[in-house]
Amino acid sequence: MNALADRLRPIWPLLMLLASGAMLAAAHLYFQCYLGLTPCPLCLDQRNWHWGVVGVSALALLVVRWKPGLLRWAVLIIGLALLGSAAQGAYHVAVEQHWVIAQCDARGAVGQIRPLDFEGTFEVPKCDEIAWSMWGISMAGWNASISLLLALASFLVAALPERKA
């Protein structure tokens, strides 16, 4: 296990940048553009966590080139951001299942706002309605599960000791 962590640790920020980037691409390009699903405010909040992971991962890739000793801390911070994404996704699932009542504010996708379009309507999707699911798990549930697994993997990669040569 330590050998695997030793191999993954140097490239972990890149792997997490790609993983969160893929989740953002799926949300933006596939679900929003291709399927035409408008994100609710909680969906947009979940995306913010992944943008944070992308930013922290990119910064980590730059910083560890000059300060390699900060790699474990960078991996830990990436794990914390992924844990935040998992918590946000779990909260959204709780709202979807009506376990929690959420008052979502009137935020929406920027692409839907058309200047001087007085005839058009602007509807913000409800946070407590499931727009898409696969195998009985909503998009928020998938985000929570994937983010939690990646967060736990990040903590494991950061915590395992280096293998002695």
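Between Leu76, Leu82, Leu15, Leu24, which is of a type outside the set (Asp, Glu), closer than 14 Å to Ala153 by Cβ and within 11 Å of the chain's Cα centre (by Cα)?
The conditions single out Leu82.
Return the residues of region 67-83 that are at pLDDT 85 or above and surrounded by fewer than 18 Cβ atoms within 10 Å (Cβ to Cβ); say none if nothing qualifies.
If the condition is that a residue be at pLDDT 85 or above and surrounded by fewer than 18 Cβ atoms within 10 Å (Cβ to Cβ), then Trp73, Leu76, Leu80 are the ones that fit.
Being surrounded by fewer than 17 Cβ atoms within 10 Å (Cβ to Cβ) and at pLDDT 90 or above: is that true of Trp51 here?
yes
Find the residue count for region 95-154, including only residues that are under 30 Å from Val75 (Cβ atoms) and at pLDDT below 80.
Residues that pass the stated criteria total 2.
The values are calculated or read from the model by the stated rules, or taken from the named source; none is laboratory data. Just so it is clear, the model here is predicted, and its values are computed rather than measured. Note that we place each Cβ from the backbone using ideal geometry, even for glycine, and neighbour counts take in every protein chain shown.
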